[in-house]
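The values are calculated or read from the model by the stated rules, or taken from the named source; none is laboratory data. Here the structure is a predicted model, which means the values were calculated and not measured. With ideal geometry, Cβ positions are generated from the backbone for all residues, glycine too; neighbour counts draw on all protein chains shown.
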Amino acid sequence: MTNQDIPAHLPPLRHDYARHLGLFEPFHWLGKGVQDTFRKPLSSLFFGLMVFCVSILIVGGLIRFGVDYILLPALSGFMVVGPAIAVGLYEKSRRLEAGEPISLFRMIFVKSKSPGQILFIGVILMLLMVLWLRAAFLLYALFFGMVPFSGFDHLVGSVLMTPRGWALLAVGSAVGGLFASFAFAISAFSIPMLLNEKKDAFTAMGTSMVVAWNNKEVAVVWGAIIVALFAFCLVTALTGLILVYPILGHGTWHAYRALADET
């Protein structure tokens, strides 16, 4: 098919989504995230504090109701839904760039250019998280059988100290990595895009995947930074979320601006 065969009313196709950025560019986004966090820091830290409090409530609830066996997949699933609840942080970064006034009210009650579409992606990410939890149950049953759960302490020992547990860790990490990679690909740039541009959710998710694929090296480095900082949050009993979450939220906005912004 030649260009003359393409109907005139169709928009031109954009074939090149590669940005040819250096591997250290994600650290530049991270630095901008730090800068945005500490420009009127209370509004950003409020988001981090709320995410920390909700996370602690969820962990406490899982332990209180005796379902702490899903604690590890639930914590890893946080990275799946995290981008959907950082819209207020994206809005703050957008306003800082545009020289518009910043307030917590404007960060909470965000006026998106694609209203309703961000919520749609949020629902998809929640469904992905539920699917990941079900997959984690099945993997545990495949390796340890349909036996009653004997406690989180016993689970940690079984997983870390036995060959069967090591196999479960290897397979579970691979499967979880697939879920996380897919969630990252469809949400890393689509949610900031819907805030800043008028698009439907499927177009935004498709564009996000294409951008991630055509900038694989940079996207992998940015994903590795996110995983490393989230691991730091786990080591600090989730208190690190208070600072790390807003930094990553603001950094994600700058990642979108560098890779996927078409405005």
Residues in region 247-262: is at least one at pLDDT 90 or above, over 19 Å from TYR17 (Cα atoms), hydrophobic (A, V, I, L, M, F, W, C) and not in a loop (DSSP other than H, G, I, E, B)?
-> yes
Mind counting the residues in region 43-77 that are surrounded by fewer than 20 Cβ atoms within 10 Å (Cβ to Cβ), under 17 Å from the mean Cα position of the chain (by Cα) and aromatic (Phe, Trp, Tyr)?
-> 0
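Quick grid of which residues meet (1) surrounded by fewer than 20 Cβ atoms within 10 Å (Cβ to Cβ); (2) touching a residue at least 24 places away in the same chain (Cβ under 8 Å):
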| position | (1), (2) |
| --- | --- |
| PHE184 | no, yes |
| VAL210 | yes, yes |
| ALA237 | yes, no |
| LEU241 | no, yes |
| HIS250 | no, yes |
| TYR256 | no, yes |
| LEU259 | no, yes |
Grab the helices (runs of 4 or more DSSP H) fully contained in region 31-139, keeping just those with 3 or more residues being in contact (Cβ under 8 Å) with a residue 60 or more places away in the chain and under 18 Å from LEU241 (Cα atoms).
-> 41-64, 71-81, 87-98
